[in-house]
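Quick notes on the structure that follows.
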């Protein structure tokens, strides 16, 4: 029975031209060899499985080749190349720093550096996982790395560059390896499948490439695993089942249901996904990626960003034409928030279902297939104001006593002709009441503007007025909090004014709300045109009115601090203390 060689070893690149997805690295190294500008030390850094050690081995083999031509590829014929292919080269040394990370290991390496190569030009030392070296080992390595012999080259490889001390980094040329693209991995897998006489669907290879997350070694390992499972016929369905990957069909179907508002069909698909053993957050992440791909397909400029097979890409293009862009953006926002709070949720399934419910109701706001939603909170507010009836003036009425032991002076406004301006102002009082001891910072002009506020007139003797629903204090509290929460984000000062207090219920359906200054009163008076209709609708009473009253904050009396102040404060309450002071001749100390 022939020994099986895993694909990651069997198809490991042996020349620069066969390295996948790292052309920026290989081109630079070939030019350095061609121009005879090789550095004394290299640092190859990047994710796992992208070719760091492979490129290090190819570089070491190439610079020691005795028959190097203009293509800068090893000849595989000379003594140096043959010994390298047999893993018997005395000029190329590989050291695993994960298991040889002590000072003694580095000292042994330094002693070997002093011996020149017997065959070839250079002695190359490849140190893998170099970040695992101890601090003392790094320090022992510094001098040799800075001033090595002319024939010594060091190639360091690591996945965690940030763990290497700066003094080592400054002595190396740093090459950053990138993750290999999905299409590049899929092309290599297709080549491997063809070489192994394996029938593989392009979509199946795309799924393997996506699952590998940019690591070619992982992709080849997954490929070997799936070939063992399916034999010589690698089908898309087999890959999805074996890798526990959600099929594209789930996402296409659930997107169609969400866009058309079919909530119950959506929940059935979700149930099927969860019953199949998939994690809810995995489904949520995949749905977000699906919406992202649909957005990518909505414009020809970005369609190349979609890394899928041709058949799947055609389905994306078809669904992108029938899906509104604004819907996708709002849905992505909901998914992002849900994904952020998913782990902290106690009922994860309900948390996921609520997100789908929120997305499913977005379709009702879409006016047409490709018409963006242009309704904002500001436009809604303007429409409400435009639809309100114009306020009707009424004769002024007396302000009643406030609840919670807060009283306003009961005053009446005397109707006077507008031309009679010389009468005493003591007979004319504004209907606006003030709390005892309150002060006003309005100027005379502001007082004149508020002298005759426009108010609605209700017939208090009508049956409709008498039979109106009474205002429940608990319900009023709930409704008020809802209205405060819906204040537009561009009015934070108004929200801060309303969030900390509640309107006070006075006579029948009249509500009072106290503010600290006339500026806040002006803002709330302006917002009443929006606030009042919503309160009437939620409390089921169209006769509700809201009065805004300025009540300035009273200054806080200073507390006694010194001993004399404390004595005088107590003596006012108990005069006996003064007699005791005189009798015993006492004086309070400061």
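The length gained by stretching the chain between residue 482 and residue 350 to full extension, at 0.36 nm per residue less their Cα-Cα distance, is 45.2 nm. Of the peptides 349-356, 300-307, the ranking by mean beta-carbon count within 10 Å, highest at the top, reads 349-356, 300-307. With a cut-off of 14 Å on the backbone N, no residue of the stretch 196-216 is near the modelled label site 7 Å out from residue 304 along Cα-Cβ. Here the calculated FRET efficiency for residue 160 and residue 256, from their Cβ-Cβ distance with R0 = 51 Å, stands at 0.70, rounded to the nearest 0.05. With a simple spin-label model that places each label point 7 Å from the Cα along the Cα-to-Cβ direction, the separation between residue 18 and residue 79 comes to 2.5 nm. In plain terms, the chain from residue 167 to residue 249 could stretch by 24.2 nm, reckoned as 0.36 nm per residue minus the Cα-Cα distance.
Ordering of 511-524, 568-581, 210-223, 477-490 by packing is 210-223, 511-524, 477-490, 568-581, highest average first (other Cβ atoms within 10 Å, averaged per residue).
Can you tell me the FRET efficiency between residue 470 and residue 150 if r is taken as the Cβ-Cβ distance and R0 is 60 Å, rounded to the nearest 0.05?
0.05
Between residue 191 and residue 86, the simple label model (points 7 Å from Cα in the Cβ direction) yields a spacing of 2.8 nm.
Averaging Cα coordinates gives a centre for the stretch 253-329 and one for the stretch 82-136; these two points are 51 Å apart. The distance between label points at residue 178 and residue 571 comes to 8.7 nm (points 7 Å beyond Cα on the Cα→Cβ vector). For residue 213 and residue 31, a Förster radius of 22 Å and the Cβ-Cβ distance give a FRET efficiency of 0.15, rounded to the nearest 0.05. In the calculated pair distance distribution of the stretch 122-190, what percentage of Cα-Cα distances lie above 19 Å? Cα-Cα pairs in the stretch 122-190 separated by more than 19 Å: 43 percent.
Throughout, read-outs are computed from the coordinates displayed, never taken from laboratory work. This one's a predicted model, so the numbers in the text were calculated from it and none came from an experiment. For neighbour counting, all protein chains shown are included, and Cβ atoms are generated from backbone atoms with ideal geometry for every residue, glycine included.
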